[in-house]
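To start, the structure itself, in structure tokens.
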Amino acid sequence: MMTAQAAPEPHESARKAELAGNLARVEERIESACVAAGRKREDVTLVVVTKTYPASDVRLLAELGVRHVAENRDQDAAPKAAACADAPLTWHFVGQLQTNKTRSVAGYAHYVHSVDRLRLVTSLSRAAERAERELGCLVQVALDAPSGSVGERGGVAPDGVEELAEAVAGAQMLRLDGVMTVAPLAGPYAGNPRDAFERLREISTGLREAHPAANMVSAGMSSDLEEAVLAGATHVRVGSAVLGERPRLR
Ligand SMILES: *Cc1c(COP(=O)(O)O)cnc(C)c1O
């Protein structure tokens, strides 16, 4: 086998070119959606969801100018964040989070998009204080969850947002930054991400009456980022359109 000292491995430069092409296509989609919505491109942040892909891909993305990455499982995220600690990246945690993982997450995450119950707020608050790191928090809304409940894929029903927001706002090392949703696959919003994201926009508007700084709206993925940008999303979370289709498992 030939070894070149400084030059990247051939497969690595091929992967970099692939990621660059995918990123350019996603960038074009975001730009077109911003034009259609009459919004400025810089008002929408691309967060690349790197779950199931290796730290080497995260490093390539950083080299290509990506500054925001997201993960949904602490077991995978913690080692990746450690492996990429020297890259200028902001880490977003977007998955369902168990309280026994908050200590780890508070060690590397800058934002948690999936705050959906009071016990989690308490646990994150303690973890952030212990880590001496301020943590940006978004309340995840399950638009299809019945009043007073939590959604199957995480998130609190819309009528539970205010209570959680108050808890986050009252926690010393947590910062209330906004709301997040995943377009529901079932119920009245199924197949209708535009309406789902408009509903999230209303919830965000309501939240900002009491918490004007909580202006992040995290919505839209590979399949529906245009609808999210049209409905005012400030952060789109894009995985497969940048990194490729994941195996079906998760
Ligand atoms: C995986 C994931 C995404 C990205 O989904 P794609 O369809 O691959 O773009 C966005 N948000 C959350 C919460 C995810 O788990």
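The values are calculated or read from the model by the stated rules, or taken from the named source; none is laboratory data. Everything numeric in this text was worked out from a predicted model, so none of it was measured. FYI the Cβ positions are ideal-geometry reconstructions off the backbone, even for glycines, and counts take in every protein chain you see. Just the protein is used for accessible areas: all its heavy atoms, side chains included, with ligands, DNA and RNA removed. Shrake-Rupley method; radii C 1.70, N 1.55, O 1.52, S 1.80 Å.
Some notes on this structure:
- Protein accessible area in region 11-243, 1.4 Å probe - carbon and sulfur %: 48
- Debye-formula intensities of the chain, expressed as log10 I(q)/I(0) at q = 0.09, 0.13, 0.16 Å⁻¹, are -0.38, -0.80, -1.19 (one equal scatterer per alpha-carbon, no solvent).
- Per-residue ellipticity at 222 nm from helix content only, as computed over the chain with -39500 (n - 2.57) for each DSSP H run of at least four residues, stands at -13000 deg cm²/dmol.
- Counting only Cβ charges, +1 for Lys and Arg and -1 for Asp and Glu, the dipole size of region 11-243 around its Cα centre is about 480 debye.
- Å² per residue, accessible surface of the chain at 1.4 Å: 49
- Most simply put, the chain has about 5% antiparallel DSSP beta bridges, counting only bridges with both residues inside it.
- The gain in end-to-end length when the Asn215 to Ala24 segment is fully stretched comes to 66.1 nm, 0.36 nm per residue minus the alpha carbon separation.
- For region 148-188, the Kirkwood radius over C-alpha pairs fed into Stokes-Einstein at 37 °C and 0.692 mPa s yields D = 282 µm² per second.
- Cα-based shape type of region 1-113, given that a ≥ b ≥ c are square roots of the gyration tensor eigenvalues and the cut on a/c is 1.5: oblate
- Alpha carbon centroid spacing (whole Å) that separates region 16-46 from region 119-168: 29
- Under DSSP loop assignment and at most 14 Cβ neighbours within 10 Å, longest GluC sites (Glu not before Pro)-free interval of the chain: 1-131
- ³J(HN,Hα), Karplus 6.51/-1.76/1.60, whole Hz, each residue of region 150-163, x for Gly, Pro: 10, x, 4, 9, x, x, 9, 4, x, 6, x, 5, 4, 4
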